[in-house]
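Contents: one structure, followed by commentary.
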Amino acid sequence: MPGISITNQEEFKKNKLILLTGPTGYVGGRLLKILEENQFRLRCLARRPELLLPKVDSKTEVVKGDVLDRRSLFSAMNGVKIAIYLVHSMGSAGSFEENDRIAAHNFGEIAKEAGVERIIYLGGLGNEKDVLSSHLRSRQEVGHILRASNVPFIEFRASIVIGSGSLSFEMIKSLVERLPIMLIPKWALMFAQPIAIDDLILYIVEALFKTDNANYLFEIGGLDQVSYLDIMRIYAKSINKRVLMIPVPVLTPYLSSLWLGLITPLYARIGRKLVESIVHSTVVRDDTALRNFKIKPIGIEEAIQRAIKFENSESAASFWYDSISSSGEKNHDKGYKFGERLIDARTININVPPEIAFNPIKHIGGEKGWYAWNILWQLRGLIDLLLGGVGMRRGRSHKDKLIVGGTIDFWRIEKTITNNFLSLSAEMKLPGRAWLEFEVIGTENSSAIKQTAIFEPIGFFGKIYWYSLYPLHQLIFAGMLKAIAKKAIALNKKSGTA
C-alpha cells in the first residue's frame, strides 16, 4: 500500500506494544504490513502461527491464541498497551453471533485485567434503530461489549471497503467482468458510503496515537454515497466494459447468495450474510471523524481506480478469503473423533530435473485447473458451494507463487519447499479432514513425483464417504499425476534440456 508513512511519534512506537488480532484477514493483513513498515512494536494473535510466520517481519512477535479461548489471551495480552480487534465470525459455520459475543467478552475482560490502555475496534455502519441484519447487529453488539469492559475504547464503523482483494470489490469485479447482462435486485439500489482500504488503515493508525482515556465512536466513509449499482457502473466504466443492467422486483438474499456463489468467488454462506447487510443503508450520519482526524477520504472513482492499479501488486495484496476462518470449518482439534488415516499414494518416474518436474505442481489449480478431469473438480466445487462451503471460485491467492497460508480453490497451502514439496489442506465440506501432498525427489536429470491424498474420517459416515468415491479417486488422482508428468516432460523438451 504505497503512500502511507508515519514519521513522527518515535518514542510512542518504541514503548507501546500493539496486539493485532485478525492478522490473516483482509484489513488485518494490510494493517500488519503498514505497522511493520513504520516500525511499531507488534505482536500478532493467530490460531495457527505456522501459517502467519512466513509472512511477517522478523521483529514481529506471533503468539498462538484464540479469542474463544480465554487462557490463550492471558499470555497474548502480557505487556500490551494497545489492542486492535479485527475479529468477526461471518465466515464461520454455526452461530456466528454467539461466537462473536463470547469472543468480545473474553477479549474485553482479559484486556482489562492485563492493563491494556486502549482497544481499537472496526465495526459496521448501520442505524441501530433499524431492524439490522444479523451480521451488522453482531458487529455493533461486539462494540457495545468491548466498550463495557471499561478499557478506553475507539470504535470505527465503516461501510463497504474498496481495495484490491476486498470482499465487496472482488464481488463487483467478478460480476461486471463475467456478465454481459446483469439482473439488478432491489438490494443493489440501497445507498452505502464506501471507504478506500488506504483511508481505513490511516484512520486506525492515527487512532493509535490518541492518549486520553475517553471512549469514541467514529463513523467513517469515503466522499461519496452510492449504491452497489452505481459502484458496478463506475467499475464497468473504469475497465471500458458495457454491461446491460436490468432491474428485477424480487431476488431474495438466499437466491442472490447462490447466484453470487456461482458467478463470483463469493461462496453462498458469506454471500447471503453480505446481501442481508446490503439491504440496509450504511452511510455516515455523524461527521465527527472528519473533524478529529487529519485524513481526507477519497471518492469511489479514485478508490476503484486505485484498487485496479494495485490488484496485481504482490506487496499490496491481501484477500478477504486469506483469513483462516473464511472456510467456515469448525476446529477439528476439539470435539471430534477421527478414525485412522485413509491414504491414496502414487509415484511416477520421469527423466526430468526436479525443478522442472515441480513446475506443474507449483501452478496447479485456479485458471490452469487440476490437469485431469477438471469437470469433476468443478462438480465437486459446485456441490460444496450448495452445501455452504467455499467451492472452487477462490482460485489461487497468487498466480505464480506458493505462499504458506494462501489458497488454491478449496485448498489452503499448509507447507511448501521450493521444487520439492507442497501440502494442501482441504476446506471443502467433508466428514473428516483431508490433505493433498506432492513431493519431488531426484537427481540432475531424473525425478520421482509422489502424490498422496490423505483422509481422516469422522466415524462410520466418513469411511463410507471415502470408499463410495473410491472409483472416482482412481480416475482423478491417477489422471492428475499422469498429466503432471506429461506437462513436466513437455516443459523439459521446450527448455531444450531433454
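One table, with the values for the structure above:
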read-out	value
Candidates 438, 461, filtered to the one that is part of a helix (DSSP H, G or I) and hydrophobic (A, V, I, L, M, F, W, C)	461
Filtered residues of segment 126-150 (kept if in contact (Cβ under 8 Å) with a residue 60 or more places away in the chain and outside any helix (DSSP H, G or I))	126, 127, 130, 132, 133
Qualifying residue in segment 197-216 (condition: out of contact with any Ser or Thr (no Cβ under 8 Å at 6 or more places or on another chain), assigned to a loop (DSSP other than H, G, I, E, B), in contact (Cβ under 8 Å) with a residue 12 or more places away in the chain and closer than 16 Å to residue 123 by Cβ)	yes
Filter result (within 21 Å of the chain's Cα centre (by Cα), surrounded by fewer than 24 Cβ atoms within 10 Å (Cβ to Cβ) and among the small types (Gly, Ala, Ser)) within segment 165-195	165, 168, 174
Condition met for residue 107 (farther than 20 Å from residue 196 by Cβ and buried (at least 21 other Cβ atoms within 10 Å of the Cβ))	yes
Residues satisfying the stated conditions in segment 340-368, i.e. part of a loop (DSSP other than H, G, I, E, B) and modelled with pLDDT under 90	340, 341
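Okay, residues lined up against (1) under 23 Å from residue 161 (Cβ atoms); (2) touching a Ser or Thr at 6+ places or on another chain (Cβ under 9 Å); (3) acidic (Asp, Glu); (4) not in a helix (DSSP H, G or I):
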residue	(1), (2), (3), (4)
36	yes, yes, yes, no
44	yes, yes, no, yes
66	no, yes, yes, yes
71	no, no, no, no
75	no, no, no, no
80	no, no, no, yes
83	yes, yes, no, yes
88	yes, yes, no, yes
97	yes, yes, yes, no
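The values are calculated or read from the model by the stated rules, or taken from the named source; none is laboratory data. Just so we're clear, the structure is a prediction, and the values are computed from it rather than from any experiment. Here the Cβ is made from the backbone with ideal geometry for all residues, glycine too, and neighbour counts use every protein chain on show.
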